[in-house]
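Asker: Right, I'll just put the structure down here and ask away after.
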Amino acid sequence: MAAQTLLITGGAGFIGSALVRHLIRETDYHVVNVDKLTYAGHLSTVEPVADSPRYTFEQVDIADAGAVERLFATYRPDAVLHLAAESHVDRSIDGPAAFIQTNIVGTYTLLEAARAYWRTLEAPRKEAFRFLHVSTDEVFGALGETGFFTEQTPYAPSSPYSASKASSDHLVRAWHHTYGLPVLVTNCSNNYGPYQYPEKLIPVVILNALDGRPIPVYGRGENVRDWLYVDDHVRALVTVLENGTPGETYAIGGHNERRNLEVVQTICAHLDELAPNPAGGSYADLITFVEDRPGHDYRYAIDASKIERTLGWRPAETFESGLRKTVRWYLENRAWCDRVTRDRYQRERLGLTV
């Protein structure tokens, strides 16, 4: 693919910023980072590459049609990688409206602007243009003890968050089948790694442990997730962008199923070694079982054989190697965590509204 300018939505968020850093460091693409800068979007995540002449930032709400149309007219991108989304399940339980607005209305607005722009392109650029929509395995609902999600798994979302992402997936595919827009869809498993906003499981466990606060585990910690190191994910996204077939979906997983309690215990073991508890004892002593999340899906697991077979992508990190890197990063970057959460979020419990 000969794309030179990529429009990245949500590029100041966790996965989006990892993608921006990778593209600037490892490729020749010009990157236009489009982000609304909500509570979870922070430009500190792209500071390491922000001085590159191939990097541009635009603070834009993707649901603002006029602003989005201006982006296409100004930068004339060769592809769009759409990662902008409200993404926290607990927050979607407390306040679903923002998820409907960004994940559904925002995706529709972006699709319409992309379609109008794509129709004006001359044949070679029109043929090469791509709209890559980044989604989640949560759209598929819950698995039992066995089986895996594949590209053919029927949708059965359980939370307002996953329902809004499922809706956006359907819109993207409809714009392909109805209008011919050359789209690609990816559904990934749980991401983890550096710069993840400290509201998700792994950073919350690390920071609560270091602060000597209770480490909350929902229910009995039996829920299972497939973990994907964020740098592996962004490599997969670039692979799909450059080599994927328009209209196709690619499931991206890390082959790392773990029960939540096992994840928490492993983090505590790493912390015991790397930053021993000054109060003595193991950080695991802080584990506290709390009321489960309403509608908590039991198990997610992805069969990533299609992207491995057709595009040659495989995760480079095991869960053990990726988690150790992640723990080390948070130990070395506690000031960043304080910086992005100050006056925004104090790791309080969310998502108990029924």
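Asker: Cβ neighbours within 10 Å, averaged per peptide: list 184-195, 153-164, 53-64 in order, most packed at the top.
Answerer: 184-195, 153-164, 53-64
Asker: Using +1 at the Cβ of each Lys and Arg and -1 at the Cβ of each Asp and Glu in the chain, identify which of 326, 229, 82 lies farthest towards the dipole's positive end.
Answerer: Of the options given, the answer is 82.
Asker: Which percent, nearest 5, of DSSP beta bridges in the chain are antiparallel? Provide the component values of the computation, followed by the final result.
Answerer: Details: 4 of 41 bridges.
Bridges in the chain that DSSP calls antiparallel: roughly 10 percent.
Asker: Tally Lys/Arg at +1 and Asp/Glu at -1 over every other residue whose Cβ is under 12 Å from the Cβ of residue 261; what's the total?
Answerer: Working: positive: 220, 225, 258, 259; negative: 222, 262.
Cβ neighbours under 12 Å give a net charge of +2.
Asker: Can you put 227, 118 in order, fewest other beta carbons within 10 Å first? Walk me through the numbers on the way to the answer.
Answerer: Numbers: 227 26, 118 20.
Final ranking by Cβ density, sparse to dense: 118, 227.
Asker: Separation of the stretch 102-147 and the stretch 15-68 by C-alpha centroid, Å?
Answerer: So the separation of the two Cα centres works out to 18 Å.
Asker: Sorting 268, 337 on the 10 Å Cβ count, fewest up front, what's the list? Before the final figure, lay out each step's value.
Answerer: Details: 268 22, 337 19.
Ranking 268, 337 by Cβ neighbours within 10 Å, fewest first, gives 337, 268.
Asker: Roughly what would the spin-label model give for residue 152 and residue 245, points 7 Å off Cα along C-beta, in nm?
Answerer: Between residue 152 and residue 245, the label points sit 1.4 nm apart.
Asker: Also, I was wondering about something else. Evaluate the charge dipole of the chain about its Cα centre and quote only its size in Debye, nearest 20, assuming +1 on the Cβ of each Lys and Arg and -1 on the Cβ of each Asp and Glu.
Answerer: 420
Asker: What Rg and what Dmax come out for the stretch 1-133 when only alpha-carbon atoms are used, in angstroms?
Answerer: Calculated on Cα positions, Rg and Dmax stand at 14.5, 47 Å.
Asker: Starting from the Cα-Cα distance between residue 5 and residue 26, subtract it from 0.36 nm times their residue separation and give me the gain in nm to one decimal.
Answerer: Values: separation 21, 0.36 × 21 = 7.56 nm, distance 1.46 nm.
Residue separation times 0.36 nm, minus the Cα-Cα distance, leaves 6.1 nm.
Asker: Just order 104-114, 8-18 by mean Cβ neighbour count inside 10 Å, highest at the front, would you? Intermediate values should be presented prior to the final figure.
Answerer: On the way: 104-114: 22.0, 8-18: 27.1.
Ranking, from highest mean packing down: 8-18, 104-114.
Asker: I've got another one for you. Which order results if 42, 233 are arranged by neighbouring Cβ count within 10 Å, fewest first?
Answerer: Lowest to highest Cβ neighbour count: 42, 233.
Asker: Given 37 °C and 0.692 mPa s, compute D for the stretch 113-241 with the Stokes-Einstein relation, Rh being the Kirkwood radius over Cα pairs; round to the nearest whole µm²/s. Walk me through the numbers on the way to the answer.
Answerer: Numbers: Rh = 17.4 Å.
D, rounded to a whole number, is 189 µm²/s.
Asker: Can you give the extra length, in nm with one decimal, that the chain gains between residue 211 and residue 127 once fully stretched, where that is 0.36 nm per residue apart less the Cα-Cα distance?
Answerer: 24.9 nm
Any read-out appearing in this document is the output of simple, stated calculations on the displayed coordinates, not a laboratory observation. Quick caveat, the model's predicted, so the values are computed rather than measured. Every residue, glycine as well, gets a Cβ built from its backbone with ideal geometry; the counts of neighbours run over all protein chains shown.
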